[in-house]
Amino acid sequence: MKIPSEPYPPVAPPGSLLGRDLLSAADLTPAEVRRVFATAASLKAEFSVARRHSHPPLVRRTLAMLFERPSLRTRVTFEAGMLQLGGGAIQLTSGNVGWGVRESVADVARNLQAFVDGIIIRTGHHAIAVELAGAADIPVINALTLREHPCQALTDVFTLREVFGRLDGLVVAFVGDGNNVYHSLALVAAGQGVEIRLAHPPGFAPDAEIVAQAAALAAANGGRLVLGHDPRATVDGADVIYTDSWTSMGQEAESDERRAAFADYQLNEALCAVAGPAARVMHCLPAHRGEEITSEVMDGPRSLIFKQSENRLHVQKGLLVEILGDPDADGAGDGTEPAPSAR
Ligand code: CP
Ligand code: NVA
């Protein structure tokens, strides 16, 4: 397909977050989050028409993707995203690299920084991602730890803005575990003026430090943080109800206990009815149909779930362009070699 010459605003010069790590959703200021959204929206607009970018901004950039846990969306959207932006990605698993086992996390960092331009890591232990970022002189992006999932949260709030046309004053009710997905969502949403509520069973509260950070962001940016135990009271009047699996990766030994504790927290049509006819539904996926969400809700007209999934691609591309982009590049992405004098 021929690509129209100027169909959408051109992608802003890349690199506002050049070289930065993203370990926590709080590593980006609310203004930086909006910057990523603007870049992502431009990339999405062009890609949605042409299925390619006329001037890929990350030609020959490479990304190492360290995965200690399974993934569909995160892995594919980062790899496809890098390819679409003109670069490439290499998937590495803990089984074949053995970070912290075959060699130290710091030594893995020292090697990778000589080979590639950036790293994403999915690990249960947030401390490993922090250690990797501390040792590497190239950017490290958290692709999920048990503490946070910032790429998911950026996508979710981007999706909210796309669907509702605004974020200020929106009410998002998270029903379920005060987990990694909730943590990052609370941090991003609170900073964009969203009222973010949580209903969780006693014993499954979010991390107190993250709650304090999110509350401070809410206070400074017109958002609101509400915590409770009653799913019906929590969703009452909400614009969106969000849920996630009751058992996160790495918690499989607790799954029976969790299934019992969360039994009254299912996102079903009866709960949606409390929120009202216009309420929409979100889930980061993978979903356990019949547990935390029913198929009726997931596949019904309220669902934004597959839109969230699609937007992982566009928002992470925005993030990659901002973090790995070269603001000094002249005509970056046109695929030509720089003149020898420019080297
Ligand atoms: N939502 C999400 O991160 O999906 P994956 O675990 O499949 O990457
Ligand atoms: N809370 C879930 C999210 C999966 C994307 C987990 O950590 O397994």
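Things to note:
- Single match in Ala153, Ala173 (criterion: within 13 Å of ligand 1 (Cβ to nearest atom), modelled with pLDDT of 95 or more and under 30 Å from Glu254 (Cα atoms)): Ala153
- Within the stretch 282-302, being away from ligand 1 (no atom under 15 Å from the Cβ), in contact (Cβ under 8 Å) with a residue 12 or more places away in the chain and not acidic (Asp, Glu) holds for Thr294, Val297, Gly300, Arg302.
- All strands (runs of 3 or more DSSP E) inside the stretch 157-238 with 1 or more residues being within 16 Å of ligand 2 (Cβ to nearest atom): 171-175, 195-199
- The one condition in (1) under 19 Å from Asp21 (Cα atoms); (2) in a loop (DSSP other than H, G, I, E, B) that Arg110 fails to fulfil: (2)
- Selected residue (only one of Gly193, Gly237, Gly228, Gly203 is within 25 Å of Val36 (Cβ to Cβ) and at pLDDT 95 or above): Gly193
- Residue that is surrounded by the fewest Cβ atoms within 10 Å (Cβ to Cβ), among those in the stretch 128-156 that are small (Gly, Ala, Ser) and in a helix (DSSP H, G or I): Gly134
- Residues located in the stretch 246-275, provided they are within 19 Å of Leu198 (Cβ to Cβ), more than 16 Å from ligand 1 (Cβ to nearest atom) and of a type in the set (Gly, Ala, Ser): Ala261, Ala263, Ala275
- Which numbered condition Thr243 fails, given (1) surrounded by 24 or more Cβ atoms within 10 Å (Cβ to Cβ); (2) more than 17 Å from Tyr265 (Cβ to Cβ): (2)
- Candidates are the residues of the stretch 299-313 that are within 15 Å of ligand 2 (Cβ to nearest atom) and surrounded by 14 or more Cβ atoms within 10 Å (Cβ to Cβ); the one that is nearest to Gly176 (Cα to Cα) is Ile305.
- Long-range neighbours under 7 Å by Cβ, at least six apart or interchain, first residue closer than 15 Å to Asp207 by Cβ within the stretch 164-188, second away from ligand 2 (no atom under 16 Å from the Cβ) and of a type in the set (S, T, N, Q): Leu187/Gln213
- Under the condition of being within 16 Å of ligand 2 (Cβ to nearest atom) and either surrounded by 17 or more Cβ atoms within 10 Å (Cβ to Cβ) or not in a helix (DSSP H, G or I) (or both), the residues counted in the stretch 67-83 number 11.
- The set of residues from the stretch 84-107 being part of a helix (DSSP H, G or I), surrounded by 14 or more Cβ atoms within 10 Å (Cβ to Cβ) and modelled with pLDDT of 95 or more comprises Gln84, Val105, Ala106.
- Qualifying residues in the stretch 117-170 (those that are under 12 Å from the mean Cα position of the chain (by Cα) and of a type in the set (Gly, Ala, Ser)) - the one farthest from Val281 (Cα to Cα): Ala143
The values are calculated or read from the model by the stated rules, or taken from the named source; none is laboratory data. The structure presented is a predicted model; accordingly, all values stated were derived computationally and were not measured. Every residue, glycine among them, receives a Cβ derived from its backbone with ideal geometry; neighbour counts consider all protein chains shown.
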